[in-house]
Amino acid sequence: VADAPPHIQGYTSLASGVGAAILGYLLGCGAMKVTIGRLRGQNIAVSEMFQYGRAFSAALVASVTWGLFQGLLSAPLLGLSAKMSGKTPDFDALSPLIVISGGLGLVTLLVAPLILFVQAINMDRECSAGEAFGESARCAARQYPVTLGMIIVSSILAAMGLFACCIGVVFTLPTLYIAQAMAYLDCFPAASAPTELIPLEGHPPDAGSI
């Protein structure tokens with residue numbers, strides 16, 4: 001691939017990036033499932049992050065959507081990189097790509113808070129991808145500054161983990177999942193309650209616990 005024409009290298013990098021984004025999102029759904037279960041005090045094993053159950057199809061649709069979105073964002077950057085490789089940069093010719101890349105980055109920053117809870121909703125409620133996107137957007141819109149702040153802080157932490165020879169991700173990634181799961185349980189209080197109450201025989205469940 002290193003000796004291939006620049007456009008072939010660009011397509012290969014783009015396809016690899018989309019595939020990695022899809023796989024990373026799917027694994028993130030499983031990690032979110034385990035994190036939410038642990039925060040609820042459930043005895044859930046780490047191996048269960050690979051058990052998607054009925055949520056798999058919705059998680060797959062959401063992951064493909066996310067991967068294609070990432071590919072759309074990456075395309076101008078790959079084009080910019082290809083035009084600058086091995087040449088003296090002509091910033092007049094590159095300015096449209098720079099503007100497009102900056103604009104897409106800003107759009108991503110503004111849209112990301114609205115999809116903050118999609119993974120959690122997918123895995124916890126086992127609903128469709130469309131319902132998960134809609135519920136996440138409605139909840140995040142009600143407290144948009146808070147979710148936007150979470151996205152900015154999460155991005156900084158993720159970047160710090162990558163810059164530390166990628167070893168820092170081992171420490172930053174669990175922190176990000178815990179923070180996101182806690183925000184989900186706070187934004188959807190009903191999700192924090194037990195899904196099933198089994199009263200003692202002859203004693204109805206307490207009204208305050210329902």
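The values are calculated or read from the model by the stated rules, or taken from the named source; none is laboratory data. Everything numeric in this text was worked out from a predicted model, so none of it was measured. Cβ: placed from backbone, ideal geometry, glycine included. Neighbour counts: every protein chain shown. Calculation scope for accessible area: heavy atoms of the full protein, side chains included, ligands and nucleic acids excluded. Shrake-Rupley method; radii C 1.70, N 1.55, O 1.52, S 1.80 Å.
One residue stands out in segment 40-68 among those that are within 20 Å of L173 (Cβ to Cβ) and of a type in the set (G, A, S): the one that is modelled with the lowest pLDDT, namely G67. Report whether or not G37 is modelled with pLDDT of 85 or more, assigned to a helix (DSSP H, G or I) and either open to solvent by 50 Å² or more (accessible area, probe 1.4 Å) or within 23 Å of I115 (Cβ to Cβ) (or both). The answer is yes for G37.
Yes or no: A21 buried (at least 20 other Cβ atoms within 10 Å of the Cβ) and at pLDDT 85 or above? Criteria not met by A21. Within segment 44-52, can one find any residue that is open to solvent by less than 70 Å² (accessible area, probe 1.4 Å) and closer than 30 Å to V99 by Cα? The answer is no, given that none of the residues of segment 44-52 is open to solvent by less than 70 Å² (accessible area, probe 1.4 Å) and closer than 30 Å to V99 by Cα.
Looking across segment 33-55 at every residue that is touching a residue at least 24 places away in the same chain (Cβ under 8 Å) and among the small types (G, A, S), the one that is nearest to R125 (Cα to Cα) is identified as A55.
Every condition in (1) at pLDDT below 65; (2) outside any helix (DSSP H, G or I); (3) open to solvent by 40 Å² or more (accessible area, probe 1.4 Å) holds for S81 except the one numbered (2).
Can you tell me which residue is least open to solvent (accessible area, probe 1.4 Å) among those in segment 167-190 that are within 13 Å of S136 (Cα to Cα) and among the hydrophobic types (A, V, I, L, M, F, W, C)? Within segment 167-190, the match that is least open to solvent (accessible area, probe 1.4 Å) is A181.
Can we say A158 is open to solvent by less than 60 Å² (accessible area, probe 1.4 Å), in contact (Cβ under 8 Å) with a residue 40 or more places away in the chain and within 19 Å of Q119 (Cα to Cα)? In short, no.
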